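The values are calculated or read from the model by the stated rules, or taken from the named source; none is laboratory data. Quantities reported herein were computed from a predicted structural model and do not represent experimental measurements. Because the Cβ atoms are built from the backbone with ideal geometry, glycine has one as well, and the counts that use them run over all protein chains shown. Accessible surface areas use protein heavy atoms only, side chains included; no ligands, DNA or RNA. Shrake-Rupley method; radii C 1.70, N 1.55, O 1.52, S 1.80 Å.
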Amino acid sequence: SRKNIVAYWPCEDGTTATEYASALSGYPSMRVTTSGVTPAAYSTWAASDALPTVGVGTLRGTVPTYAYTGEASMRIFVKLPAAGVAATTRLVSVVTSGSARVWTVWVNSAGQFDLRAYDSDDTQIFATGFLTYWGNGDQLLIDVALFDSGFASGWEITVFSIDQSTMYVAQSVSNIGTLGAFTFYQITDIVVGEDGGLGDTAVGHVALANDTAAYANTSGSMVAWDGENPSDRFVRLCREELISGQSVTLSRTGNTVVMGPQGRADLLSLLREVVDADLGVMVEPRDQLGLGYRTRLSLYNQ
């Protein structure tokens with residue numbers, strides 16, 4: 001299991017949801033503190049069930065006390081409206097108990113992001129200026145990482161483009177820097193849409209880790225395994241379901257086909273998609289209880 005995730009709200013709750021449950025047992029839900037959030041309104045991201053859109057509403061997630069490590073990383077899925085937001089507004093804020101008390105990602109009508117920090121008096125102490133990543137209407141994952149050296153804060157903002165990425169090609173842009181004389185400590189809250197001006201922006205999968213390496217090797221799941229080799233998908237699906245799985249392939253480079261995004265279906269249906277795409281054969285191994293797969297290439301020149 002993945003470690004160092006200290007808070008996680010998938011936001012995949014159904015159309016009647018009035019709050020968004022935590023994926024961590026016993027942890028508080030993400031609350032709708034201002035009305036104007038529509039549950040299960042966005043279903044275009046292949047890697048997720050339907051997510052809410054935030055118009056004039058506000059979401060707030062309270063983070064229980066966790067083991068402080070001197071670093072933190074907040075991640076959130078965002079899809080801005082194709083026409084953009086009406087005016088520059090706060091997209092998501094991370095509230096800490098340090099002297100750099102609030103870190104906020106602002107967004108403007110052009111779909112650019114600006115990371116700003118504020119002290120305990122709500123005075124702005126830092127801003128990156130608006131940075132261009134990908135524009136309005138794109139499916140994005142935004143990651144804000146913070147580092148505390150005891151006398152200064154380091155920061156990094158990374159934007160990952162889901163639409164421009166595949167299983168093996170990840171498209172992301174990062175900006176990094178330091179903020180002297182100010183520190184952060186425990187993350188206490190994550191707030192989405194506090195200005196009420198997001199114009200039906202889709203959001204979800206709000207996660208917080210106390211280790212900036214906690215999301216390593218997640219690019220495949222973020223793009224719903226788009227571009228995965230058939231035999232790799234067969235073995236991965238079996239492993240995820242704790243089924244012994246093996247695949248027979250030829251010792252040669254290249255593949256006859258790659259898989260598209262993995263949909264939401266039962267295991268057998270997903271395995272049959274592999275067979276149908278590659279024109280291979282699903283088998284039962286003689287030497288173990290499990291499933292096996294012969295790729296199309298492995299059937300040539302027998």
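Among Glu273, Glu71, Glu284, the sequence by solvent-accessible area, most first, with a 1.4 Å probe is Glu284, Glu273, Glu71. Applying 1/(1 + (r/R0)^6) with R0 = 41 Å to the Cβ-Cβ distance of Arg31 and Gln171 gives a FRET efficiency near 0.75. On full extension, the segment bounded by Ala110 and Asn217 gains 35.5 nm, given 0.36 nm per residue less the C-alpha separation. When peptides 30-41, 115-126, 222-233, 136-147 are ranked by their average number of other Cβ atoms within 10 Å per residue, the highest-first order is 222-233, 136-147, 30-41, 115-126. Seen against the Cα atoms of the chain and their longest principal axis, helix 267-278 is set at about 70 degrees.
Take each peptide in 256-262, 54-60, count the other Cβ atoms within 10 Å of every residue, and average; sorted highest first, the result is 54-60, 256-262.
So what is the diffusion coefficient of segment 103-160 in µm² per second by Stokes-Einstein at 20 °C and 1.002 mPa s, using a Kirkwood Rh over Cα pairs?
171
Calculated translational diffusion coefficient of segment 50-131 (10 °C, 1.306 mPa s; Stokes-Einstein with Kirkwood radius over alpha-carbon pairs) equals 110 µm²/s. Legend: Rg and Dmax of segment 1-144, from Cα coordinates, 15.6, 42 Å. Ranked by solvent-accessible area (1.4 Å probe, protein heavy atoms only, all chains present), the residues Lys79, Lys3 order from largest to smallest as Lys3, Lys79. Go ahead and collect, in residue order, the members of segment 274-302 whose backbone nitrogen is under 20 Å from a label point 7 Å along the Cα-Cβ direction of Glu241. In segment 274-302, the label zone of Glu241 (backbone N under 20 Å from the point 7 Å along Cα→Cβ) covers 274-296. When the alpha-carbon atoms of the chain are used, the pair Rg, Dmax equals 21.6, 75 angstrom.
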